[in-house]
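Here is the structure we will look at, set down as C-alpha cells.
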Amino acid sequence: MKRLGVVVGPDTEISRRSFAATNGAVYMNEEGHINIYPREVSDPNIGCSTISLDRYTISHKLIEHCEPVVRGDCYEDPRLCKINDRFFLSCTQANLMITGEWKTDIVYGISDNPFYFDLIKPDLPMPGNNKNGVFIPERIKGSYWLFHRVRPDICLAYSTDLYQWHNLGSIMKPTNDYWQSGHLGAGTPPIKTEEGWLEFYHATNPTARPYCMGACLLDLNDPTKVLARTTDPLLFPEESYEINGWVTGGIIFPTGAIVLDNIYRIYYGAADMYFAAAEFTRNEIFDKLKPI
C-alpha cells in the first residue's frame, strides 16, 4: 500500500472551501484526467457545504478549478459513477430541523455530462436518517441498485425507473472485529471484477473513532449476497491529516476509486477536512478478503 497524501484541501483563495475540502466523488474521463468533486466547507460554525469540480492529471497536477456542480448548499459526501451514457451523482442532503437536530436524506442527480446535476430526492421511505447513497455502476436484471445506510448496517435498494425504490434492507452488518463493530457505510462506487463487485466501505467501533476502510466482494448478479469481506482494516488513520482536522480521532472515509492496470487507487476523506488518496495492488486487496 502506498499513500499519495492530500490531493485537495482547504484553500483560502476559494472562499467556499476556505475551511475544508473533503469527502469527494471521483471520475476518470476518457482523456485519463481525474475529475474530483469535493465537499467544500467555508464556515464550520454553519456546517453547510457545496459540491464543486476540480480537474487533475493522473499524477494530481491541477488542470483547473470549476464552478459548483449542484445548485444550493448543505450537500455532503458525493459519489459519482457512469451507467451506460449517463452520469449519476449521489450525495447526502442535510437539513437543520426546528429541534436543532440535523436530518439527512439521500438525493441524486442524473446528467448527460459531468459538469452539472439537478438533484432530486428518491421515493425511498426510511425511518430516521439515511445517507451514504452509492450507485452500482451497472443495471442488474433490468434494475438500478443503490446502497444506503440505516445505522448500523449497509443496506440496498433497487428501482426500475429511478423514482420508486424498493428497499431490501440490510446486506452487511457490524462484526465482532472491533474496528468494524460499531457501524458501517458504503464508500466507493463498486468496481466490477471477475470475482464480483468490489466495494470499499468505512467502518468504526462503538466509540465512533477511528473510521477505517474495509472491503467486501458482492455477487455480480445478486449484490445482496456478500461473498467475502476483510477482517482487518485495509487503511487505518495514521498520518496527521487523517487524525487532526475538523474531526479528530482519525477518519478514513472512502468515496471514490479508479483502476490503473493492476493498481486500485482509492480516494478518501481524511479527518473531515482533507481529500487524500492511497494505492493498493490487486493482490493486496484480494489477499485480505475472507470468504463468508
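General observations
- Net charge of neighbours whose Cβ lies under 14 Å from the Cβ of residue 160, counting Lys and Arg as +1 and Asp and Glu as -1: 0
- With the helix formula -39500 (n - 2.57) applied to DSSP H stretches of n ≥ 4, the chain reaches a computed 222 nm mean residue ellipticity of -500 deg cm²/dmol.
- Residues 97, 273, 126 arranged by fewest to most Cβ contacts within 10 Å: 97, 126, 273
- FRET efficiency for residue 13 and residue 139, using Cβ-Cβ distance with R0 set to 45 Å, rounded to 0.05: 0.60
- Separation of the stretch 218-265 and the stretch 194-216, taken as the distance between their Cα centroids, equals 5 angstrom.
- Value of relative contact order over the stretch 25-182, rounded to a whole percent, pairs C-alpha under 8 Å and six or more apart: 13 percent
- Nearest-20 debye value, the chain charge dipole, Cβ charges on Lys, Arg, Asp, Glu: 500 debye
- Amide proton proximity set for residue 63, modelled H, under 5 Å, gap of 5+: 55, 56, 57
- Filtered trypsin sites (Lys or Arg not before Pro), the stretch 187-292: DSSP coil and at most 16 other beta carbons within 10 Å: 225
- The HN-Hα couplings worked out from phi for the stretch 132-142 by the Karplus form 6.51 cos²θ - 1.76 cosθ + 1.60 (θ = phi - 60°) are 6, x, 9, 7, 7, x, 6, 6, 10, 6, x Hz, whole numbers, x standing for Gly and Pro.
- Site-free segments of the chain were taken between GluC sites (Glu not before Pro) in DSSP loops having at most 14 other Cβ atoms within 10 Å, sites themselves excluded; the longest one is 102-193.
- Dipole of the chain computed with +1 at Lys/Arg Cβ and -1 at Asp/Glu Cβ about the Cα centre; of 240, 12, 62, farthest Cα towards the positive end is 240.
- The chain, relative contact order [Cα under 8 Å, separation at least 6], %: 16 percent
- Sparse-neighbourhood loop sites, trypsin sites (Lys or Arg not before Pro) in the stretch 1-85 - DSSP loop, at most 16 other Cβ within 10 angstrom: 61, 71
- The label-point distance for residue 101 and residue 161, in a model that sets each label 7 Å from Cα toward Cβ, rounds to 3.3 nm.
- Residues 91, 74 arranged by fewest to most Cβ contacts within 10 Å: 74, 91
- Average Cα contact separation per residue, the stretch 1-77, under 8 Å, 6 or more apart, as relative contact order %: 24 percent
- Which label in (i) 14.2; (ii) 15.7; (iii) 20.8 gives the computed mean projected area of the Cα convex hull in nm²: (i)
- The 3J(HN,Hα) values that the Karplus relation (6.51, -1.76, 1.60; θ = phi - 60°) gives for the stretch 167-177 are, in residue order, 7, 9, x, 5, 10, 8, 10, x, 10, 7, 5 Hz. Gly and Pro appear as x.
- Counted by neighbouring Cβ atoms within 10 Å, the residues 258, 106, 292 run from fewest to most as 292, 258, 106.
- The stretch between residue 175 and residue 29, if pulled fully straight at 0.36 nm per residue, gains 48.9 nm over its current Cα-Cα span.
Every number in this text was worked out from the coordinates using simple rules, so none of it is lab data. Keep in mind that this is a model prediction, so the values were computed, not measured. Reconstructed Cβ throughout: ideal geometry from the backbone, glycine too, with neighbour counts over all protein chains shown.
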